[in-house]
Amino acid sequence: MEYNFREIEKKWQKYWEENKTFRTKDDFSNPNKYYVLDMFPYPSGSGLHVGHPEGYTATDIVARYKRMKGFNVLHPMGWDAFGLPAEQYAIQTGTHPSKTTKENCDTFRRQIKELGLSYDWDREINTTDPDYYRWTQWIFIKIYNTWFDEKEGKGRPVSELPVPEDIRKEGKEAVRKYIDSKRLAYYDNAQVWWCPVCRIVCANEEVLTDGSHEKCGNTVEKKNLKQWMLRIPLYAERLLTGIDKLDWPEGIKDMQRNWIGRSTGADVDFRIDNSEEKIRVFTTRPDTLFGATYMVLSPEHPLVEKLTTADRKSEVLAYVKAASLKSDLDRTDLSKEKTGVFTGSFAVNPVNLKKIPVWVADYVLTGYGTGAIMAVPAHDERDFEFAVKFGLPITCIMDPDTDDPGQRQRVLEGRECWTEDGRYINSSDSSTGIDINGLNKEAGIEKMIKWLEERETGKARVNYKLRDWLFSRQRYWGEPFPVIHWEDGEITVLDENDLPLKLPPLEKYQPGETGESPLANATDWLTVTDKNGRKGRRETNTMPQWAGSCWYYLRFIDPQNKKSIFDPEKEKYWMPVDLYIGGAEHAVLHLLYSRFWHKVLYDLGIVSTDEPYTKLFNQGMILAFAYETEKGAKVSSDLVAEKDGKYFHSETGEPLRQIVAKMSKTLKNVINPDDVVNRYGADSLRLYEMFMGPLDVTKPWDEKGVKGVFGFLGRTFRFLSETENITDGEEDQEVLKGLHQAIKKVETDIENLRFNTAISAMMIFINLATRKGKITRSTAESFIKILAPFAPHTAEELWQLTGHGNTLAYEPWPLYNEEILKEDMFEYPVSFNGKLRFRIELPLSMQKEEIISRVLSDERSGKWLSGKKPDNVIVVHGKIVNVVVR
RNA sequence: GCCCGGAUGGUGGAAUGGUAGACACGCAGGACUUAAAAUCCUGUGGGCAGUAAUGCCUGUGCGGGUUCAAGUCCCGCUCCGGGUACCA
């Protein structure tokens with residue numbers, strides 16, 4: 001029978017839809033649940049990219065496999081649909097973003113359904129749906145009403161926050177301020193990145209290291225605006241330690257650890273000479289205090305003005321002003337020479353009471369540590385560079401652990417910087433009583449911190465790179481904050497029963513010139529009056545796109561629930577997510593933010609697990625072949641001609657190089673999944689994306705590869721649909737063994753997400769079966785079942801053709817039998833000194849001595865022994881024989 | 001600079017320290033066809049010898065090492081990809 005994939009795929013997609021084959025029941029009686037989740041897409045206007053089906057097929061294979069293994073499987077899909085493109089389209093055309101969003105979702109849904117993915121469509125969610133964002137707002141209120149109890153290391157309701165007596169005495173206003181200062185969400189002036197082209201505030205994370213906006217590529221500027229911030233650093237330690245027990249790729253775990261950026265050290269206070277002021281610094285090397293020969297404040301440091309002496313004023317002010325105008329790009333460019341100015345003031349080094357100059361320099365960042373440092377040029381590269389440039393003293397305080405006598409000499413003389421370990425020298429002072437001479441780094445740090453703490457001039461401290469999360473955007477198309485700013489300065493959140501706070505309809509979506517959100521134009525919506533006649537104004541900022549995706553996995557558990565975010569019983573059953581697959585671009589931000597929210601919800605008793613995603617896997621990017629000239633100029637794919645495996649420019653005849661690059665419209669090498677489905681079918685697309693290579697590596701799309709798996713599916717279908725090929729009775733031993741090998745390989749490969757080799761195992765079986773010409777019905781049925789997760793339409797059709805009325809989606813997975821897989825004979829490779837020389841077939845039951853004698857008495861051994869006696873013969877049972885002759 | 005990955009035929013890629021190149025693409029030859037497409041069969045890392053069967057040499061980015069045995073483990077590099085960056 002011909003492989004009419006178009007008919008078959010349409011037929012089964014209709015069947016699954018009409019029969020709701022994949023509807024998930026909340027069947028708590030089945031203790032084996034499996035929650036397998038995709039990173040839900042942003043439904044862009046350009047439709048599905050071939051990268052989407054890669055992850056979706058992988059999860060679908062696992063979902064289908066687990067169902068056949070008897071698991072109750074939750075496998076949902078939805079849309080992360082708030083976002084900038086729909087809003088920009090609205091600005092240009094006046095079309096409401098909800099209309100564009102709906103159209104895009106419809107396209108995505110159609111395309112995804114045409115791939116035969118086994119989602120439970122009754123659980124579809126959309127972050128822009130008021131019934132969804134109602135609960136996003138609800139979580140924001142929960143976060144707003146939470147403070148972090150450092151003693152217990154967990155978030156608690158602000159109603160349980162103890163207010164110190166002296167603040168209570170100051171009155172209601174002071175108490176309110178105190179509570180507000182402890183909330184996990186707060187409203188404050190923040191210096192933010194502003195993209196003048198998109199007219200949008202960007203989170204730090206959305207600004208690339210070259211100072212450009214991730215979304216549009218234009219250079220961003222700094223701006224001061226009132227913003228909502230979330231105190232994620234309070235959870236830094238929990239977010240960090242929680243990583244250890246997760247089954248995530250090590251690389252991703254490292255990226256999260258680096259992002260959190262924990263470092264241990266100490267705060268140290270430096271007295272200012274002739275002043276009451278103190279400078280507090282954070283250092284990871286308090287042991288090097290004796291080498292601190294100057295100090296540096298960041299240009300934004302609050303003490304800069306106070307510490308600048310009259311004669312230095314104009315120079316310092318000019319420097320600070322220049323620094324504020326610099327983009328981050330200029331400031332972080334390492335190749336750039338260091339700059340700085342002397343304030344005229346001196347600080348007192350607490351270990352030896354020496355006076356050291358205080359400088360201002362932009363290599364010290366305001367946002368990290370305390371925004372001030374003690375500079376130890378002999379043992380810090382940056383300080384060394386700065387000291388050399390400005391002729392500041394360099395005092396070596398460590399005899400370095402180095403075998404190079406020349407280097408040791410240079411370090412001791414302060415001509416080279418040494419940051420590694422060694423023994424302290426010049427590190428004692430009788431007037432202050434500290435002495436760490438002779439100790440190494442580890443012991444020195446410990447002793448110095450102890451000394452500082454006794455003297456109350458310093459304290460051990462852990463510092464994190466992680467900053468407060470800028471959580472508001474000046475956009476229309478996002479979740480409105482359920483917040484009112486009252487005329488008396490009070491900020492309140494809405495009552496939970498008043499949610500959702502819906503987005504008001506607008507005529508104009510253009511943001512204001514000053515950076516104000518378009519919501520400020522919604523006059524009716526904007527102003528409110530409370531029962532006492534007090535006037536208020538709604539928050540006009542909206543939440544960032546992260547908000548909806550921070551918790552969507554929870555809503556899938558109970559998406560239709562009108563009364564609460566979800567039924568706690570269902571949450572207990574389904575959580576955590578057992579397998580989460582998506583692109584590595586979300587390795588840091590989405591996963592960190594999402595874990596943060598989850599931990600807050602956990603502390604409040606709303607969710608039952610401490611971490612949301614047990615196992616994470618990142619699919620690799622799918623790239624495309626592209627072509628460039630010898631000089632490296634890219635050539636559009638429609639101008640490339642192939643001849644004898646070489647590539648030429650079809651117009652100029654220039655020879656071209658084949659390279660691998662991201663798909664791009666300008667290079668005309670974008671693959672549209674719809675085209676592939678039309679030409680080869682969804683099963684071929686699925687199979688090819690899984691067969692290309694390991695799931696986690698980046699790999700180029702190759703049209704020819706699709707033809708390969710298409711051929712395999714065609715051969716499979718034609719062979720198994722031909723009734724003559726299917727027999728009753730005993731199965732041939734070789735076929736039976738081949739089948740059980742295939743079952744075992746496919747099963748273990750699915751468990752390990754190694755789909756490419758699973759597919760090759762099935763190909764090997766079909767090659768064997770077609771060579772043999774006939775297989776039994778039972779063999780055919782088992783094979784159809786293992787094919788089903790990969791090529792479900794083809795498998796369903798074959799299942800029906802072999803005489804079954806129902807879907808095979810819930811048929812039990814076939815069991816393989818180790819007995820059948822056992823071999824009697826083994827063809828031992830025989831090597832001499834590690835070089836393979838010949839093979840010899842021997843029974844597996846044969847013992848070592850017998851094997852050795854059979855190998856050595858073989859006539860082919862004579863040639864390699866050349867009369868000598870072997871020194872040794874290694875026999876690895878069932879693997880190899882190696883004869884050692886010297 | 002730092003932290004992670006990676007490098008295997010013409011191509012995508014296989015290979016618990018134990019037969020390198022599974023499976024597939026491509027290519028070559030053949031069958032079917034008036035022809036093409038589709039389909040099927042055979043061969044296919046490189047080199048040397050041989051009409052051939054076959055035999056030998058060589059081969060997993062480079063240089064060392066451990067081992068009876070290294071693509072795999074260790075040390076030192078080169079190149080490529082991702083992340084991150086005056087983070088004190």
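We did not get these values from a lab; they are worked out from the coordinates using the rules stated. Keep in mind that this is a model prediction, so the values were computed, not measured. Reconstructed Cβ throughout: ideal geometry from the backbone, glycine too, with neighbour counts over all protein chains shown.
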Fully extended contour minus Cα-Cα distance, from A:D495 to A:E818, at 0.36 nm per residue: 110.0 nm
Order of A:W469, A:W477 under a 10 Å beta carbon neighbour criterion, fewest first: A:W469, A:W477
field: Descending semi-axes in whole angstrom, ellipsoid equivalent of the range A:514-634, from the Cα gyration tensor
entry: 37, 29, 12
field: Rough spin-label spacing in nm, given labels placed 7 Å along Cα→Cβ, for A:N561 and A:N426
entry: 6.6
task: Determine ³J(HN,Hα), in whole Hz, for all residues of the range A:556-563 in sequence, where each value follows from phi through the Karplus function 6.51 cos²θ - 1.76 cosθ + 1.60 and θ = phi - 60°; x replaces Gly and Pro.
output: 4, 5, 7, x, 8, 4, 8, 8
field: Ratio Rg/Rh, restricted to the range A:115-234 and using Cα atoms, in which Rh is the Kirkwood radius
entry: 1.11
statement: Sorted by chain and number, the residues with a modelled amide H under 5 Å from that of A:Y34, at a separation of 5 or more or across chains, are A:N72, A:V73, A:L74
- request: For the range A:862-870, take each phi angle, set θ = phi - 60°, evaluate the Karplus expression 6.51 cos²θ - 1.76 cosθ + 1.60, and give the result in whole Hz per residue in order, putting x for glycine and proline.
  value: x, 4, 8, 7, 5, x, 7, 8, x
statement: Counting sequence-distant residues (5 or more places) and residues on other chains, those with an amide H built under 5 Å from that of A:T698 are A:M621
query: Volume per residue, Å³, of the convex hull around the alpha-carbon atoms of the range A:8-77?
result: 119
field: Cα centroid separation - the range A:497-514 against the range A:132-165, whole Å
entry: 26
field: R0 of 45 Å, Cβ-Cβ distance A:D488-A:K707: FRET efficiency to nearest 0.05
entry: 0.05
- prompt: Going 7 Å from the Cα of A:R110 toward and past its Cβ, which residues in the range A:42-59 have a backbone nitrogen under 14 Å from where you end up?
  reply: A:45-48
query: For A:E315 and A:D404 in the same chain, what is the full-extension length gain: residue separation times 0.36 nm, less their Cα-Cα distance, in nm?
result: 27.7 nm
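Quick check on packing: order A:258-267, A:132-141 by the mean number of other C-beta atoms within 10 Å, highest mean leading.
With the highest mean Cβ count within 10 Å placed first, the list reads A:132-141, A:258-267.
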task: Could you tell me how many degrees, from 0 to 90 and to the nearest 10, lie between the Cα long axis of helix A:755-772 and the main elongation axis, the longest principal axis, of the Cα atoms of chain A?
output: 0
- prompt: Given A:K182/A:K562; A:K631/A:K662; A:K182/A:K599, which pairs have Cα atoms separated by over 21 Å?
  reply: A:K182/A:K562
message: With θ taken as phi - 60° and the coefficients 6.51, -1.76 and 1.60, list the Karplus ³J(HN,Hα) couplings across the range A:364-379 in order, rounded to whole Hz; mark glycine and proline as x.
response: 9, 8, 6, x, 10, x, 10, x, 8, 9, 9, 9, 10, x, 5, 9
message: Please compute the alpha carbon radius of gyration of the range A:362-418, then divide it by the globular-protein estimate 2.2 N^0.38 Å. Two decimals is fine.
response: 1.26
- prompt: For the range A:650-751, what is Rg from Cα atoms divided by 2.2 N^0.38 Å, rounded to two decimals?
  reply: 1.52
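Give, in nm to one decimal, the length gained when the segment between A:V528 and A:S263 is fully stretched (0.36 nm per residue of separation minus the Cα-Cα distance).
90.7 nm is the gain from fully extending A:V528 to A:S263.
Once you wrap a convex hull around the alpha carbon atoms of the range A:196-319, what is its projected area averaged over all directions, in nm²? Intermediate values should be presented prior to the final figure.
Values: hull surface 50.6 nm².
With the hull built on Cα positions only, its mean projection is 12.7 nm².
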field: For chain A, calculated [θ]222 nm from helices alone, where every DSSP H run of n ≥ 4 adds -39500 (n - 2.57)
entry: -10500 deg cm²/dmol
message: Viscosity 1.306 mPa s, temperature 10 °C: give me the Stokes-Einstein translational D for chain A in µm²/s, with Rh taken as the Kirkwood radius over C-alpha pairs.
response: 48
Cα long-axis angle, helix A:589-603 against chain A (0 to 90 degrees, to the nearest 10): 80
- prompt: Relative to the first principal axis of the alpha-carbon coordinates of chain A, what is the inclination of helix A:733-751, with its axis defined by its Cα atoms, in degrees from 0 to 90 and to the nearest 10?
  reply: 10
query: Which FRET efficiency value, to the nearest 0.05, do you get for A:E734 and A:T241 by plugging their Cβ-Cβ distance into 1/(1 + (r/R0)^6) with R0 = 45 Å?
result: 0.25
- prompt: What base-10 log of the normalised intensity I(q)/I(0) is obtained for the range A:64-109 from the Debye formula, alpha carbons as equal point scatterers, at q = 0.31, 0.32 Å⁻¹?
  reply: -1.07, -1.11
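Based on the Cβ-Cβ distance of A:S845 and A:S866, what FRET efficiency does E = 1/(1 + (r/R0)^6) give at R0 = 25 Å, to the nearest 0.05?
Details: r = 32 Å, r/R0 = 1.27.
The formula returns an efficiency of 0.20 here.
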Set of lysines near A:K354 by C-alpha distance (under 18 Å), chain-local residues within fewer than 8 positions excluded: A:K278
statement: Least to most buried among A:V50, A:V411, by other C-beta atoms within 10 Å and fewest first, runs A:V50, A:V411
field: Simple Cβ-charge dipole of the range A:351-403, Lys/Arg +1 and Asp/Glu -1, about Cα centre, in debye nearest 20
entry: 420
- request: Just round it to a whole percent: the fraction of Cα-Cα distances in the range A:319-455 exceeding 21 Å.
  value: 51
